[in-house]
Amino acid sequence: MTSSRTMPDTRYSSPPKEPEPIRTSRALALLPLRLFLGVTFLYAGMQKLTDPNFLRPGNPDFIGQQILTFAQTSPLSTLLLQVAEPHAILSGQVIAYGELALGLGALLGLLLRPASFFGLLLNILLWLSASWSVYPYFYGSDIVFACCWLVLLLNGPHGTGLPTLDEVFFTPVLMRRKAQRRESAARTFSLLLGLPLAPALTRTAYSQVNTITRRGFLWGALAGGISVAVMATLGNLLQASRQANVSIANQVTPTVSTPPGSTATATSVGSPSNGAIARVSDVQLNSALPFIDAGSGQNALLIHLDSNQFVAYSARCTHAGCTVSYDSDSKLIVCPCHGASYDPAKQAEVVRPPARRPLASIPIHVDSATGEILPG
């Protein structure tokens with residue numbers, strides 16, 4: 001005899017529900033990443049747009065000058081020199097406003113998957129240009145940002161902790177489609193926007209989802225608005241602080257600054273004539289004097305070598321832009337951020353990575369009649 005018992009049909013049964021703590025933790029898993037990318041790119045765009053030198057030709061911080069510097073080692077040098085540099089201001093505006101758009105897209109969830117794609121593309125380009133000379137590669141941030149955007153691109157807005165404008169705007173668009181067209185529209189939205197839109201979504205379920213997303217969107221919009229206001233305020237404060245520091249540095253008499261363990265002796269600077277950096281007697285042998293380069297308005301170092309020669313270099317590290325100082329014990333210029341060092345006696349060539357390019361040299365000459373050290 002054969003048994004009449006049949007196996008239950010489970011083809012259309014619902015999968016077992018996960019415990020609430022697990023669902024909650026998964027729903028919030030990508031929230032820190034989304035907030036970090038949103039706030040960081042929003043700040044990056046504002047910082048560029050509030051920097052008066054970023055789009056000002058002739059300044060060392062001008063985007064065109066940065067592009068020329070990147071092109072020296074970048075595998076994209078042809079693209080940088082033939083396309084980006086001739087249209088430097090436009091390139092800078094595209095980067096700055098693009099970062100603003102990416103930041104807002106991440107925070108508000110507006111076209112989050114397309115924003116993630118362009119964020120990935122932007123950071124790959126920056127990795128191949130601005131960060132290409134960084135060694136080892138993991139010291140550069142652009143490749144890390146590219147991987148972060150890739151995660152959001154693959155995931156889409158679902159499970160990122162906060163509702164998104166994509167869910168608020170495009171779910172009603174789907175529901176207005178006729179039933180026979182709703183399935184194809186749902187597949188399109190799922191591919192382009194990453195939304196898990198079920199074509200068989202009922203009106204009741206849609207109403208419940210819509211109510212939740214509207215409430216959550218109000219909180220998200222409030223958080224996004226506060227973030228924008230905070231970033232704008234920080235950008236203005238940083239710009240005001242930068243201008244104040246340059247002004248103070250031009251007015252206050254500089255003194256020798258040496259790192260811990262250094263044997264260099266601080267010397268007081270007299271009152272050289274207008275335009276002079278210092279007098280020969282102001283800088284002892286094997287010591288350095290920080291000053292503001294009149295041509296660029298940036299920090300610089302005047303160094304009195306053991307050979308009794310004077311040299312001057314930019315104090316901006318070519319690796320990550322930190323301010324370097326002179327160590328009289330090692331007779332090297334040292335970066336406090338990542339340990340890069342340069343030899344001032346050999347055109348500031350790199351002695352220790354991660355930097356790969358020497359410091360920018362500043363031309364100076366000594367007036368034998370007055371004993372003053374002058375630029376140029």
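Any read-out appearing in this document is the output of simple, stated calculations on the displayed coordinates, not a laboratory observation. None of these values were measured; they are calculated from a predicted model. Backbone-built Cβ (ideal geometry, glycine too); neighbour counts: all protein chains shown.
Some points to look at:
- Rg followed by Dmax, in Å, when region 59-129 is reduced to its Cα trace: 13.3, 38
- Ratio Rg/Rh [Cα only; Rh per Kirkwood] for region 281-327: 0.99
- At R0 = 25 Å, FRET efficiency that the Cβ-Cβ distance of VAL144 and ARG56 yields, to 0.05: 0.25
- Distance between the C-alpha centres of region 323-376 and region 91-123: 38 Å, rounded to the whole angstrom.
- Simple spin-label estimate for VAL94 and ARG187 in nanometres, 7 Å along Cα-Cβ: 3.4 nm
- Low-density loop cleavage sites - trypsin sites (Lys or Arg not before Pro) in region 277-376, where at most 16 other Cβ are within 10 Å (DSSP): LYS331, ARG356
- Centre separation in Å (Cα based) which lies between region 276-301 and region 55-76: 25 Å
- Stretching LYS346 away from VAL280 to a fully extended chain increases their span by 21.7 nm, per 0.36 nm per residue minus the current alpha-carbon distance.
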